[in-house]
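S.K.: Have a look at this one before I ask anything.
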Amino acid sequence: MKRISPFILMLLALLAFPSCRKGEHFITDKNYRKKVEMQLKIQEVLAEGRKDKLFSVFNKDLTLTEKEALEFLYAYMPLSDLADYDGDFFLKNVRASLEARDTFSWGRKVPEEIFRHFVLPVRVNNENLDSSRWVFFHELKDRVRKLSMKEAALEVNHWCHEKVTYRGTDIRTSSPLAAVMTAYGRCGEESTFTTAALRAVGIPARQCYTPRWAHTDDNHAWVEVWIEGKWHYLGACEPEPDLDQAWFTGPVKRAMLVNTNVFGDYEGPEDVLIKDPRYTRINILPNYTDTRRVFVKVLDEAGKPADSAKVEFQLYNYAEFYTLTQCITGRDGLCSFLTGYGDLLTWAAKKGKYGFRKISVGNTDTVLISLTQRPGTDLSLTLDLVPPPEKKTGNTVSDSLRKANNERLAFEDRLRGDYESTFIDSSKTFRLASNLKLNADTLWHFLHLSRGNWRTILQFLTDLPEEKKSLAFPLLSVLAEKDLHDITPEALTDAIGFAENAGYAKELFFENVLNPRVDNEWIRPCRGFFREEFKADFRKDATADPGMVVNWIRQNIRIDPAANWGRAPLTPRGAYELKAADPHSRDLLFVALCRSLGIPARLEPATMVPHYWQKGSWKEAAFEAGKGPESAEGDLTLQNDPANDRTPEYYTHFTVERFSEGFFRSLDYEDDPSLRKFPCTIRVPAGYYLLVTGNRIQGGTVLAGLEFFTVAPGKPVAEDIRLRKDPLPAQGNVRISMDEFLTASGLKQACSLPGGKGTIAAWLEPGKEPTRHLVAEMKSKKAEFGKFQGTLVFILPDAASLGEFRKANGADFPGNLRYSSNFNGSLEMILKARHETKANG
C-alpha cells in the first residue's frame with residue numbers, strides 16, 4: 001500500500017472543508033442572516049446607480065467573516081453612505097474592526113449581537129465618514145492593550161480630552177478626525193468622536209441624546225459604553241474617575257427622553273421608539289431615572305377609535321413644541337410613550353383634522369384626544385408646563401480622586417494647548433501675505449479661524465491662478481467657520497474654478513453662485529463633474545429656464561423619504577451618482593446643480609424650500625406633484641406687547657410655527673435681523689399658523705401662550721408677542737448677608753465697585769461643559785456683560801485651578817469680573833442658607 005504524503009492529505013482536507021479556509025460566520029444566527037440577505041437585495045436595487053463602486057468589493061478574496069460583516073453594513077446603511085463612499089472604504093473599516101476584536105483581551109468576550117450593532121458600524125450621527133477607525137486604533141492600541149475593559153474605556157476618554165474640548169458650534173457634525181484637527185466641538189461632536197474612538201479599540205459604544213431638556217432650553221449628548229454585560233455612561237471628552245459620573249447626572253434625572261439610534265435590525269431588551277427596516281431607535285431613559293408609560297387614545301369626530309392616526313409627544317423647549325417621538329395608533333386608537341414625570345403636549349392628526357391635550361405624566365394614565373379641530377380656527381389658550389422634579393444624586397467621588405483627576409485634566413488641557421500652538425501665527429501670516437500679494441489682515445482672519453486646517457487654506461491660496469485671486473476672499477467669506485476647519489483644497493478649487501458671474505450683483509453672486517455650501521452637507525467637489533455630465537446645450541437652456549433642472553431631477557432622481565435614516569445629507573454628486581435621494585438631499589442637489597450652471601439658487605432660510613433667481617426675484621422650485629410654481633404669500637406683523645419687561649428673542653421667548661400635514665413646524669428666523677426690533681413684518685407662505693410664547697420661571701416651569709391664526713394673501717395679520725408673568729412671588733429664595741458672603745469668598749474689597757448694583761456669583765468647574773458654556777457665552781458677549789453695573793464673581797475650586805483659568809481666559813472677560821478660590825466655603829454658606837430658608841417655610 002502506497003503512503004499518501006502529508007501535503008496531499010492537507011490539500012484534500014482544505015478542499016473538503018472550504019468554510020474552514022474561508023473563516024467563521026460573522027452572523028451565526030441563520031434566521032438573522034436571512035434578514036440581512038433580504039434587506040441587502042432591497043439596498044442593491046436602491047444603489048443601482050453606484051453598483052460597481054459599492055459592490056465590486058465582494059469580488060475580492062474575502063473571508064466569510066468579512067463578507068458577512070460587509071453584507072450587514074450594506075444591508076442597513078443609510079442613503080448617504082451608499083451615495084458618497086466606496087466598497088474599499090467599508091472593507092477597510094470591517095478589517096480594522098475585526099483586528100481590534102483580535103487585539104484586545106475583551107474583544108472576543110463581546111457578544112456577537114453587541115459587536116454587530118455597537119462596534120462594527122462606522123456611522124455614529126450625521127457626520128461625514130473618515131478614516132478614524134484605523135487611525136485611532138493604531139494610536140490607542142499600545143496605550144490600552146494591557147488594561148481591563150473598564151480601565152480602557154476610561155483611558156480612551158482621557159485620550160479624547162487630550163484631543164478635543166467643548167465649544168459651541170453650528171449644527172453640521174464634524175467628522176472625528178476633523179474634531180481632532182480643530183481641537184474642539186459641541187457635545188454632539190464630542191460624543192461622535194468619543195464613540196468612534198471607543199469602537200476603534202473594540203469597546204461597544206453608542207451616542208445618547210436627550211433631544212431637549214425639560215427644565216431648561218437646551219439639549220445634550222453623551223456616550224454609553226458596554227462593559228462586561230452592562231451599559232454605563234460617561235461624559236464625552238469629560239473624563240471622570242469612574243463610569244456613571246458626569247456633570248449631567250442630576251439633570252438627566254429630570255429628562256423626559258434619552259434615546260439612541262441603533263444601526264440595523266436590533267433585537268435588544270430596551271423600549272423601542274422606532275422599528276425601521278434599517279435602524280432601531282430605542283428609549284434608554286430607564287437607565288437614568290424613574291419612568292411611566294402614558295397612553296393616548298384618539299377618537300374620530302364620531303367618537304370612535306381612530307385607526308392609523310399620528311400622535312406626537314411634544315416637549316416645550318426653545319419656545320417651540322419639540323417632538324420627542326411620534327407613534328401610530330392601532331385599531332383601538334391607542335398608542336403609548338415611556339417617559340419621565342413631567343408635562344407634555346400630546347398632538348394627534350389624521351386626514352387634515354387634529355386635536356391636542358396637555359398631559360401631566362405623574363397623574364395621568366390615559367388621555368383622550370378627539371380629532372375635531374380643522375385648520376383655520378382662530379384660538380387662544382395658555383398652558384403651564386411643569387418639568388419633572390429635582391432628585392438627589394449619589395455616587396460621589398473622594399476628594400483625593402477628584403483632585404488627582406482634576407490635575408490630570410489640567411495636564412491634558414496643556415497637551416491640547418501644545419497642539420494648538422502649532423497653528424499658524426499672525427507674524428508668519430503677515431510674511432506670507434506679502435509673498436502672495438494678499439491683504440495681511442484678511443489672510444490672518446481666515447487662517448486663524450481655520451485652526452488645524454490652515455495649511456489647506458494656504459495651499460488653496462498659493463495654487464490659485466492670478467485671474468481667480470479676486471474671488472478667493474469672497475469665497476472664504478461665504479463659508480461657515482466650521483467649513484474652514486475641514487474643507488479640502490479640491491473643494492475650494494472646484495468651487496472657484498467654475499463660478500461665473502453673468503452680471504449679478506456681488507452679494508447675490510457670492511452667496512448664491514460662488515458659495516459651495518447649501519445647507520449642512522459635506523462639501524464634496526461637484527461643479528467640474530456636473531459641467532462634464534451636462535453638455536453645453538442643456539447648460540444654456542437651463543440658464544434661461546431653471547425649470548429644466550427641476551424637471552431633470554423629477555425624471556432621474558428616485559425619492560425615498562425613509563432610507564436616509566442617518567440624517568447626513570447626501571452630497572449633490574452622491575445623489576446624482578446614486579440616482580436616489582431623500583427630499584432634503586434632492587433640494588441640495590437642485591441648488592448645487594443650478595449654481596454649477598451659474599444660476600443663483602438657495603434654500604429659503606425660514607422654510608428651507610429651494611428657490612432660484614430669475615428676472616430679478618426668487619422663484620420656488622416646485623417638486624411636489626400638483627404644486628404650482630409659486631406659493632401665495634402674506635404679511636405677518638409681530639408686535640412686542642407693552643407689558644413685556646424685555647425684548648422677545650426668537651427661539652428664546654417665541655416662535656412662529658406653520659401647519660403642515662396635521663402638525664405645526666417652526667419656521668427658522670433665529671438669525672434673521674428683522675425679528676430683533678418690533679414691530680416687524682415678515683412675508684410668509686399663506687397658511688395656518690401658531691404663535692408660541694413662553695416664560696420659563698424658577699424651577700423650570702414654563703408659562704406658555706398659544707395663538708392660532710391664518711395668513712392669507714392681501715390680508716395682513718398682526719399678532720402680539722405677550723409673555724406671561726409669574727403670578728406668584730419666587731418661592732424658596734435664599735437670603736444671606738452680602739457682607740458675610742463677600743468676606744467668606746475673600747472678595748470684600750474687590751467687590752466694592754462704585755455704583756455697584758449687586759453681585760452675580762458663579763461656581764465653576766474647569767473642564768466641565770456647563771463651565772465651558774458660560775465661558776464661551778461671556779467671551780462672545782463681553783461688551784454686554786461689561787455693561788452690568790455690579791460685580792461678576794467666578795469662584796473656582798482652588799488657587800491652582802484659578803491661576804490656570806485666569807491665564808487661559810482672563811484677557812477675554814469684562815473688567816467687572818472678580819475671582820475667588822474659596823469654592824467650598826462660599827458654597828457651604830449658600831447651602832446652609834438654603835436649608836434655613838426651607839426650614840423656616
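S.K.: Regarding the stretch 34-49, can at least one residue be identified that is farther than 20 Å from ALA581 by Cβ, open to solvent by 10 Å² or more (accessible area, probe 1.4 Å), polar (S, T, N, Q) and part of a helix (DSSP H, G or I)? Lay out the reasoning, then the answer.
M.R.: In the first step, residues of the stretch 34-49 are kept if they are farther than 20 Å from ALA581 by Cβ; the result is 34-38, 40-41.
Now restrict to residues that are open to solvent by 10 Å² or more (accessible area, probe 1.4 Å): 34-35, 37-38, 40-41.
Subset that is polar (S, T, N, Q): none.
No, every residue in the stretch 34-49 fails to be farther than 20 Å from ALA581 by Cβ, open to solvent by 10 Å² or more (accessible area, probe 1.4 Å), polar (S, T, N, Q) and part of a helix (DSSP H, G or I).
S.K.: Are there strands (runs of 3 or more DSSP E) fully within the stretch 342-382 with at least 1 residues that are under 17 Å from TYR316 (Cα atoms) and modelled with pLDDT of 95 or more? List them.
M.R.: Counting at least 1 such residues, we get 343-350, 353-360.
S.K.: Which one is farthest from the chain's Cα centre (by Cα), of the residues in the stretch 383-405 that are part of a loop (DSSP other than H, G, I, E, B) and more than 24 Å from HIS215 (Cβ to Cβ)?
M.R.: Taking the stretch 383-405 first, the residues part of a loop (DSSP other than H, G, I, E, B) are 386-398.
Among the residues that remain, those that are also more than 24 Å from HIS215 (Cβ to Cβ) are: 397-398.
Numbers: VAL397: 31, SER398: 34 Å.
The qualifying residue farthest from the chain's Cα centre (by Cα) is SER398.
S.K.: Follow-up question, since we're still on this one. Would you mind telling me which numbered condition in (1) closer than 23 Å to PRO111 by Cα; (2) modelled with pLDDT of 95 or more; (3) of a type outside the set (Phe, Trp, Tyr) LYS22 fails?
M.R.: (2)
S.K.: Do any residues in the stretch 158-174 that are within 25 Å of GLU521 (Cα to Cα) and aliphatic (A, V, I, L, M) have Cβ atoms under 7 Å from those of residues that are open to solvent by 10 Å² or more (accessible area, probe 1.4 Å) and at pLDDT 95 or above, where the two are at least six apart or on different chains, and which pairs are they?
M.R.: Here the result reads VAL164/VAL180; VAL164/TYR184, each pair linking the stretch 158-174 to a residue that is open to solvent by 10 Å² or more (accessible area, probe 1.4 Å) and at pLDDT 95 or above.
S.K.: Residue by residue through the stretch 638-674, note down the ones that are open to solvent by less than 30 Å² (accessible area, probe 1.4 Å) and not in a loop (DSSP other than H, G, I, E, B).
M.R.: So the first thing to find is which residues in the stretch 638-674 are open to solvent by less than 30 Å² (accessible area, probe 1.4 Å), and the list is 638, 641, 644, 648, 650, 653-657, 662-664, 667, 669.
Listed by number, the residues that qualify are LEU638, TYR650, PHE654, THR655, VAL656, GLU657, PHE663, PHE664.
S.K.: Please list, ordered by residue number, the helices (runs of 4 or more DSSP H) wholly in the stretch 97-167 having 2 or more residues that are under 23 Å from the mean Cα position of the chain (by Cα) and either surrounded by fewer than 22 Cβ atoms within 10 Å (Cβ to Cβ) or of a type in the set (A, V, I, L, M) (or both). Please lay out each step first, then the result.
M.R.: Numbers: elements: 112-118, 132-144, 149-163.
Output list reads 149-163.
S.K.: Among the residues of the stretch 713-736, write down those that are among the hydrophobic types (A, V, I, L, M, F, W, C) and either assigned to a loop (DSSP other than H, G, I, E, B) or modelled with pLDDT under 95 (or both).
M.R.: Going through the stretch 713-736, the residues among the hydrophobic types (A, V, I, L, M, F, W, C) turn out to be 717-718, 721, 723, 728, 730, 734, 736.
Across the stretch 713-736, the qualifying residues are LEU723, LEU728, ALA730, VAL734, ILE736.
S.K.: In the stretch 392-429, which residue that is in contact with an Asp or Glu (Cβ under 9 Å, 6 or more places away or on another chain) and of a type in the set (Asp, Glu) is surrounded by the most Cβ atoms within 10 Å (Cβ to Cβ)?
M.R.: Among residues in the stretch 392-429 that are in contact with an Asp or Glu (Cβ under 9 Å, 6 or more places away or on another chain) and of a type in the set (Asp, Glu), the one surrounded by the most Cβ atoms within 10 Å (Cβ to Cβ) is GLU412.
S.K.: Quick check: anything in the stretch 584-604 in contact with a Leu (Cβ under 7 Å, 6 or more places away or on another chain), aliphatic (A, V, I, L, M), touching a residue at least 40 places away in the same chain (Cβ under 8 Å) and not in a strand (DSSP E or B)?
M.R.: If we filter the stretch 584-604 for residues that are in contact with a Leu (Cβ under 7 Å, 6 or more places away or on another chain), which is where we start, we get 585, 587, 591, 600.
Imposing the further condition that a residue be aliphatic (A, V, I, L, M) reduces the set to 591.
Okay, now just the ones that are also touching a residue at least 40 places away in the same chain (Cβ under 8 Å), so 591.
Keeping just the survivors that are not in a strand (DSSP E or B) gives 591.
Checked against the condition, which is being in contact with a Leu (Cβ under 7 Å, 6 or more places away or on another chain), aliphatic (A, V, I, L, M), touching a residue at least 40 places away in the same chain (Cβ under 8 Å) and not in a strand (DSSP E or B), the stretch 584-604 yields at least one hit.
S.K.: With the condition kept exactly as written, say whether any residue in the stretch 506-522 is open to solvent by 30 Å² or more (accessible area, probe 1.4 Å), closer than 24 Å to ARG278 by Cα and either among the basic types (Lys, Arg) or in contact with a Gly (Cβ under 6 Å, 6 or more places away or on another chain) (or both).
M.R.: Within the stretch 506-522, not a single residue is open to solvent by 30 Å² or more (accessible area, probe 1.4 Å), closer than 24 Å to ARG278 by Cα and either among the basic types (Lys, Arg) or in contact with a Gly (Cβ under 6 Å, 6 or more places away or on another chain) (or both).
S.K.: Ok, one more. Tell me whether the stretch 441-458 contains one or more residues that are in a loop (DSSP other than H, G, I, E, B), surrounded by fewer than 20 Cβ atoms within 10 Å (Cβ to Cβ) and among the charged types (D, E, K, R).
M.R.: First, the residues of the stretch 441-458 that are in a loop (DSSP other than H, G, I, E, B): none.
There is no residue in the stretch 441-458 that is in a loop (DSSP other than H, G, I, E, B), surrounded by fewer than 20 Cβ atoms within 10 Å (Cβ to Cβ) and among the charged types (D, E, K, R).
S.K.: Now, a different point. Tell me which of these PRO389 doesn't satisfy, since it passes every other one: (1) open to solvent by 60 Å² or more (accessible area, probe 1.4 Å); (2) of a type outside the set (A, V, I, L, M); (3) in contact with a strand residue (DSSP E or B) (Cβ under 6 Å, 6 or more places away or on another chain); (4) under 30 Å from LYS725 (Cα atoms).
M.R.: (3)
Conditions tested, residue by residue: (1) touching a residue at least 12 places away in the same chain (Cβ under 8 Å); (2) under 30 Å from the mean Cα position of the chain (by Cα); (3) at negative phi.
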| residue | (1), (2), (3) |
| --- | --- |
| SER617 | no, no, yes |
| PHE623 | yes, yes, yes |
| GLY634 | yes, no, yes |
| THR655 | yes, yes, yes |
| GLY662 | yes, yes, no |
| LEU675 | yes, yes, yes |
| VAL692 | yes, yes, yes |
| PRO716 | yes, no, yes |
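S.K.: Among residues belonging to the stretch 675-689 that are under 19 Å from MET608 (Cβ atoms) and part of a strand (DSSP E or B), point out the one that is most open to solvent (accessible area, probe 1.4 Å). Working first, answer last.
M.R.: To start, the set of residues in the stretch 675-689 that are under 19 Å from MET608 (Cβ atoms) comprises 675, 682-689.
Still in the running and part of a strand (DSSP E or B): 682-685, 687-689.
Values: ILE682: 9, ARG683: 135, VAL684: 0, PRO685: 22, GLY687: 22, TYR688: 13, TYR689: 0 Å².
Only one residue fits best here, namely ARG683.
The values are calculated or read from the model by the stated rules, or taken from the named source; none is laboratory data. Computed from a prediction, not measured in an experiment: that's the story for all the values here. All Cβ positions, glycine included, derive from the backbone under ideal geometry; neighbour counts span all protein chains shown. The protein model used for the area step is the full one, side chains on, heavy atoms only, and it has no ligands, DNA or RNA in it. Shrake-Rupley method; radii C 1.70, N 1.55, O 1.52, S 1.80 Å.
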